[in-house]
Amino acid sequence: MNAHYRRPLVPMLLAALLLAAAAAGTAAPPLAAADDPLLQAVAAAPPGSTVTVPPGVHRVNLVLDKPITLLGQPGAILDGGGRGDVLRIGGSQVTVRGLTLRHSGTDLTATDAGIFVERRSVDVTIADNRIEHSLFGIYLDGATRVRVERNTIRGMTTLRVPDRGDGIHLWNDTGCSIEANDIAGSRDGIYVYVSPHNVIARNRIRDVRYGIHYMYSNDNTVAGNVSRDSVAGYALMSSAHLTVRDNIALDERSYGFLLNYISYSEIAGNQVRGVRGQHDARDALIEGADGKGMFVYLSQFNSIRDNLLADAQIGIHMTAGSEHNRVYGNAFKANRVQVKYVQNIAEEWSARGRGNFWSDYLGWDMNADGIGDIPYRPNDGVDVLLWKYPTARTLMSSPSILLLRYVQRAFPVFTPPSIEDSHPLMQPPLLPARPDAQRD
């Protein structure tokens, strides 16, 4: 083909593609023009200045790469048109406040976000914004000292959960404060990966996979958060030296707290209520999908104290080498199974003469010191037998099972290694009253 015929080929193909996209109803909205007033205002603003965004829809993919404050007036909306990041922060000392941001791209590999903060950014504040229909709400990519406060984030619920991004995602960030945000409909509410020395506090999260999800992130504080109606409230994995205090998990489907390879951490003052388990289409509990207030797997040298674990299928399940944990001062209330302990060593669950409260404890307190006079043992050999061989449940009322239970009570030497609380509490510890710990 000679040059005379080659020249018009590209525009003809482009026109044909645009017509086909329009016919299919998939034509993308026009990109923001270079002379868009907001883009011009940001470009002309000197470092340290404030740019006020007026009400209305601003169709932009905006980049802030210098010290600047972007302040939205009521009704100010940034619309990314379904491409990339709605707002990208590549500088330090940047503040974004009072905006609605919507319609990021949908590329998980590109981590499209409502707000994306680049790794060279320091001292960034993102506060009082609403982010909706964005793949990731806020993505922090190696930044330092970022404050993310009082934002409302709603995920792309039209996508399958695995195809969504997280409400707030931290990757290799340090010194950050993630506080008082309201998150729903994303994949995980807050995901923290390889990010030490951060504070995650007072956030409200619902209808996600994991409310707060930690991986390989040490020396963090997780305090005063509320997760509800998710698969798991707090999935803490492969991390150490965490302080996890005064959080709430309400009506989760599988776990209130999942501790997987957690060590040297404090899990204290948390409340878990109503972990209901996974049910089938007939609303029957699926075998092996019991709801667990706390699942502790391969986790050692932790302090688990003063927590409330109530109304779950299993209060706490501890297995796979979870040893040398100090468990005391907790309240186990009305769980179908208070403890599922699958280990080969015996453990004492009390400290300095203070054990835990067990709602099914049948002992007495003759000297009225608040401590039961006989130990509490939640499991015996029959329990272990039934966990290993579930079909043996058909023999629950048989003479052989009753005899085995009697022999274990009469001759403790036949009892397999298990949990013993030598100082059970007669009354549950008092926890601070919190309205957000109650069901609607």
Residue-wise HN-Hα coupling along segment 352-358, computed from phi with Karplus coefficients 6.51, -1.76, 1.60 (Hz; x: Gly, Pro): 6, x, 10, x, 10, 8, 10
Order of exposure, largest accessible area first, which applies to 121, 303 with probe 1.4 Å: 303, 121
Relative contact order, percent, segment 138-214 [alpha-carbon distance under 8 Å, six or more residues apart]: 32 percent
Average accessible area per residue (Å²) across segment 160-241 - probe 1.4 Å, nucleic acids and ligands excluded: 30 Å²
Heavy-atom accessible area order for 364, 358, largest first, 1.4 Å probe: 364, 358
Packing-based order for 47-54, 208-215, using average beta carbon neighbours within 10 Å, highest first: 208-215, 47-54
Simple label model, 7 Å out from Cα along Cβ direction - residue 110 to residue 49, nm: 3.0 nm
Potential extension, residue 171-residue 298 segment - 0.36 nm per residue separation minus Cα distance: 43.3 nm
Förster radius 22 Å - calculated FRET efficiency between residue 147 and residue 119, Cβ distance, rounded to 0.05: 0.85
Per-residue SASA entry for residue 229, accessible area with 1.4 Å probe, Å² rounded to 10: 50 Å²
Segment 50-128 and segment 154-179: distance between their alpha carbon centers, rounded to Å: 15 Å
Tail fraction, Cα-Cα pairs, segment 33-172, threshold 24 Å, whole percent: 21 percent
Carbon and sulfur %, accessible surface of segment 27-129 computed with the full protein complex present, 1.4 Å: 55 percent
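The values are calculated or read from the model by the stated rules, or taken from the named source; none is laboratory data. This one's a predicted model, so the numbers in the text were calculated from it and none came from an experiment. Cβ atoms come from the backbone with ideal geometry, glycine included; neighbour counts cover every protein chain shown. With ligands, DNA and RNA removed, areas are computed over all heavy atoms of the protein, side chains included. Shrake-Rupley method; radii C 1.70, N 1.55, O 1.52, S 1.80 Å.
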